[in-house]
Amino acid sequence: MPLLDLLLPTRCVVCGQGEEVFCTACLGGLRRIREPMCARCGAPTAWPVSRCSECAGRRLGFATARAAVAYDDIARPLVAAWKERGLRSLTGVAADLVAEVVRPLPVLALVPVPADTDRTLWRGQGSAEALARALAERWGLPLLAALRRAKPTRRQRGLDRAARRRNVRGAFGSTGPVPARIGLVDDVYTTGATVLAAATELRRSGAREVHVVTFARAIRR
């Protein structure tokens, strides 16, 4: 358990109230992403579509992408506490929400997006790896460490879509062959640049279908 978990009093990481790390009121306030949605990238839509305005015309290295909740004013501080402060107890909250909202993926194994080593050491965990491990247990799937960081990258926060793509181009390498149908797990889907780069590497390693799942995703208006 990280030192912060021991020293800080337990309060909701979003509203600062109660005696739980994430209170019932804030849990209920998270916007679950349910149908109708884009069949390809999982963005909420007014009616079911095969490709939406967000992903139409883009070359996507993944077959589908799904997320549990919108990356909004409730989800952001939750993700920050989980990802930046390394509050491990929030992994279970995130995994339970994914299992509640997202159907189990039609895959043979799960692979996490690997975190930068320096950031993982500072935070105490990789959030994508922790989520992938929890989902593998819930869905009864093997967990594979099939990707590695091939080069250091800047933080994606604050970069536009084009800069994000450049930043993660060539960022991932393979550790070996992967099954034909693989699930790729990350914490947040923002522009899709990170999962696209990771999915592309998995396809080079033998995957015919890559299905992405994240805890949260940004919703464009």
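Numbers below:
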read-out: Neighbour net charge for Val101 - beta-carbon separation under 11 angstrom, K R +1, D E -1; value: +2
read-out: Modelled FRET efficiency - R0 35 Å, Glu20 with Ile219, Cβ distances, 0.05 increments; value: 0.85
read-out: Förster radius 25 Å - calculated FRET efficiency between Asp72 and Ala46 (Cβ-Cβ, nearest 0.05); value: 0.85
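No value in this document is a laboratory result; all are computed from the given coordinates. Note that the coordinates shown come from a computational prediction; the quantities given were computed from them, not determined experimentally. Positions of Cβ are backbone-derived with ideal geometry, glycine not excepted, and every protein chain shown enters the neighbour counts.
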